[in-house]
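Every number here is computed from the coordinates shown, using simple stated rules; none is lab data. Just so we're clear, the structure is a prediction, and the values are computed from it rather than from any experiment. Glycine gets a Cβ as well: all are built from the backbone with ideal geometry, and neighbour counts include every protein chain shown.
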Amino acid sequence: MIQYNRFELHNGLKVLVHEDRSTPLVAVNVLYNVGSRDEHPQKTGFAHLFEHLMFGGSAYVPDFDTPIQMAGGENNAFTNNDMTNFYDVMPAQNLEVAFWLESDRMLSLNFDPQVLETQQKVVVEEFKETCLNQPYGDAWHHLSALAYQVHPYRWPTIGLELSHIENATLADVQDFFFKYYRPNNAILVVAGNVSTADVCSLAEKWFGDIPPGATPLRQLPNEPPQVAARSRTLEANVPMDAIYLAFHVPGRMERDFYATDLLTDVLSNGQSSRLFRRLLKQQQLFSAIDCYLSGSLDAGLLIIEGKPNEGISIETAKNAIWQELHELSEQPLGNTELQKLKNRVESTLTFSEMSVLNKAISLAFFELTGDATVINDEARLYQEITAADIQRMAQTIFKPEHCSELIYLARK
């Protein structure tokens, strides 16, 4: 059970505190309720660009990393479809350093043309390195465009194309910042060897005077149900052929997400999972195979990706995957297999609670969903899933007309 206290500043900043006296450390996590789904279709990649800009200097702090390191800490950030998250971990006695730094970049960035140009170049190089010059690096671009027709999940977090980042102006950046990076659109979580009273005092001191912004209104189009199979085949400079199958699944906070998550574990979580054991080890059809969820807040995707062994045709490999999916739809799991899955999930959740940083990030995420108490309900929600639930989700998800298929053929 993760205990926490919650309060809100007059400017709308939500603050959660988890007191843990067993550690000398403290984690400070600032989550902004903005991700790639909030971008304009012609200006994608902005949320990810801001992840970089937020380290490029703020109103009164030209260098973010050096003070953190001098305080014995470390920091990082990540961006996805739904949120942008910054975190710092350091000795608890240096907590105020993190408050000083995080509040300053929430107040205002250093809107300098040279800083923007530098970070644009960094992001453009990252785009080239991870998407254009890496085998299968553009897979998510193709899968997103296949699976989503109207929802902004149809472009990846890094951006739809390079020109959107290259053409970003200082005015674009300022507008995006003051729209989304305001205290009333943020969640501050402090976890570790702290007291709620001290955090409350520091929050008022450092964040209390930051003016709020207008509350962003998110009106995203609902993705219509997919009623016909979609497919794209690419001949590319890749070392071997590859198969990607994408299926629409419930959003992260729907109850059926938990059954779907266990469904992916049945297929591909460890060496005893079905796809690994049967298709890779026993039949030796694949050199690599995996199954995972996007885990997005809105309706997401279940992805199966595999690389057939040399001499194995795409059709043979693909039929073998579909055979496993049909079996899951037709035959419920045995009690032993189901309980093994639940035990693994519970141990993973328990292990994650040993880290103050993991607890801070999780508290921020569940507060974003509207109910931080769910952090203590997840183990129970997984335990309540039945074999019938998993079979029902397999029957619902694994239909040919619900599938978006991406095939890479290695160029000869």
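Mind checking which residues of segment 34-54 are assigned to a loop (DSSP other than H, G, I, E, B) and surrounded by fewer than 20 Cβ atoms within 10 Å (Cβ to Cβ)? Across segment 34-54, the qualifying residues are Pro41, Gln42.
In segment 360-412, the qualifying residues are those that are surrounded by 15 or more Cβ atoms within 10 Å (Cβ to Cβ), more than 30 Å from Asp88 (Cα to Cα) and among the acidic types (Asp, Glu), and the one that is nearest to the chain's Cα centre (by Cα) is Glu405. Filtering Val238, Val249 for residues that are surrounded by fewer than 21 Cβ atoms within 10 Å (Cβ to Cβ) and under 19 Å from Trp140 (Cα atoms) leaves a single hit, Val238.
Where residues in segment 71-120 are hydroxyl-bearing (Ser, Thr, Tyr) and assigned to a strand (DSSP E or B), which of them is nearest to Thr369 (Cα to Cα)? Within segment 71-120, the match that is nearest to Thr369 (Cα to Cα) is Thr84. Within segment 179-194, if we keep just the residues that are β-branched (Val, Ile, Thr) and closer than 16 Å to Met90 by Cα, the residue that is surrounded by the most Cβ atoms within 10 Å (Cβ to Cβ) turns out to be Val190. In contact with a Gly (Cβ under 7 Å, 6 or more places away or on another chain), small (Gly, Ala, Ser) and on the phi < 0 side of the Ramachandran plot, is that true of Ala246? It is false that Ala246 is in contact with a Gly (Cβ under 7 Å, 6 or more places away or on another chain), small (Gly, Ala, Ser) and on the phi < 0 side of the Ramachandran plot.
Here Glu324 qualifies as part of a helix (DSSP H, G or I) and either of a type in the set (Phe, Trp, Tyr) or free of Cβ contacts under 8 Å to residues at least 60 places away in the same chain (or both). Regarding segment 266-289, can at least one residue be identified that is closer than 30 Å to Pro41 by Cα, outside any loop (DSSP other than H, G, I, E, B), out of contact with any Cys (no Cβ under 8 Å at 6 or more places or on another chain) and not aromatic (Phe, Trp, Tyr)? No, segment 266-289 contains no residue that is closer than 30 Å to Pro41 by Cα, outside any loop (DSSP other than H, G, I, E, B), out of contact with any Cys (no Cβ under 8 Å at 6 or more places or on another chain) and not aromatic (Phe, Trp, Tyr).
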